Each structure stands twice: as C-alpha cells, then as structure tokens.
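Read the structure below first, then the notes.
The values are calculated or read from the model by the stated rules, or taken from the named source; none is laboratory data. Note that the structure is predicted; figures quoted are calculated from it, not measured. Cβ: placed from backbone, ideal geometry, glycine included. Neighbour counts: every protein chain shown. The accessibility values were calculated without ligands, DNA or RNA, using every heavy atom of the protein model including side chains. Shrake-Rupley method; radii C 1.70, N 1.55, O 1.52, S 1.80 Å.
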Amino acid sequence: MSEPVRVLFVCLGNICRSPMADALLRHKLSEKGLAGAFEVDSCGTGAWHRGEPPDPRTQDTLRAHGVPVVGRARQVSADDFERFDAILAMDRSNLAKLKRMAPQEHAHKIALALEPTTGGEVPDPYYGDGDGFERVYRLLDDALDRWIGRWTS
Ligand code: 4NP
C-alpha cells in the first residue's frame, strides 16, 4: 500500500477553525471510502488551549451538519513540517508564522486552506456570534471538496 497523504490544518487556537476543517475532511473522506488513504490532523500556532476539545460552537456547527467532532488542541511542532504533506493555514497571519518556522525544504507544503476557492482567509469566529461558525463551515466545505479533487486526481 502506498503512503497516506498527510494533511494538517492550522489556526491560532486549534479550537475553532482548524478542528472544524479536520473533522469535516475526515467525514468527507470517510463518505467517499478514502479515509485509509489519508491522515488528517490539526493544531494551533498558539498554545493557550492545549488539551481542550473544540469550542462548543464548533462542536454545535459540526453536529448540525452530521459531522463527528474530533480532537484535542495542540500546538504546532517542528516535526509537523517533516511529517505532513500539506499544511493548510486558516489565515495569512498563521501562514506567515508557519513559513517563518518551516525548514526551507518543507516550505512548499504550506498554503492557505482556501487557496483553491477564494484564495482568502477563513475569518476567526472566536470573538463573534454563532453565525461566524456557519460561515467558516461553508468556506471550508467548498475548499475541502476542491482539495480532495486535487489529491485524488
Ligand atoms: P481558532 O480561534 O484560531 O480558529 O481556534 C481562536 C481560538 C482562541 C483564540 C483565538 C482564536 N484565543 O485568543 O484564545
């Protein structure tokens, strides 16, 4: 069997956006019978929420769409640049932090999560109302379909 495609989503706290992307990609892959061909994880550039489950608003949004909630927050580590094939940042600030941290030979793995669709940022919903989480879901839903298309074509 060939090596899985390893995908890491990165946001700031690893409790709102990147765990949503992580759970949603796993769900999409499993519905397509592709779960075994991928390894999916998420992390934050910050460490404040280490060990915590996803924000209750991320959990509610995922459940409302029938997507199982996964994971506990962790901070990005130096090993991640070696281990993962695609390192997808939720916004330009986290993209820039990752690019600063990454050894040069792994820098090409880093991109914005919305690069295949809007090319823009997934807005941080943490300090806003619940609607922000649904917006995050919709942005990720479209972009993840496009990423899956690229990885499987
Ligand atoms: P996330 O959202 O980066 O999408 O997980 C945030 C979560 C927590 C904080 C900021 C953003 N915080 O400042 O604690």
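A compact table of results
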{"quantity": "Identity of the residue in region 21-49, out of contact with any strand residue (DSSP E or B) (no Cβ under 6 Å at 6 or more places or on another chain) and among the basic types (Lys, Arg), that ends up most open to solvent (accessible area, probe 1.4 Å)", "calculated": "Lys32"}
{"quantity": "Region 128-153 - residue that is hydroxyl-bearing (Ser, Thr, Tyr) and at pLDDT 95 or above and, of those, least open to solvent (accessible area, probe 1.4 Å)", "calculated": "Tyr137"}
{"quantity": "Residue count for region 44-66, restricted to those that are of a type in the set (A, V, I, L, M) and farther than 19 Å from Pro125 by Cα", "calculated": "0"}
{"quantity": "Residue tally, condition of a type outside the set (S, T, N, Q) and open to solvent by less than 10 Å² (accessible area, probe 1.4 Å), over region 1-14", "calculated": "5"}
{"quantity": "Total residues in region 113-129, condition more than 14 Å from the chain's Cα centre (by Cα), touching a residue at least 12 places away in the same chain (Cβ under 8 Å) and within 14 Å of the ligand (Cβ to nearest atom)", "calculated": "2"}
{"quantity": "Residue in region 54-74 that is under 26 Å from Pro4 (Cα atoms), touching a Cys at 6+ places or on another chain (Cβ under 6 Å) and at pLDDT 95 or above present", "calculated": "yes"}
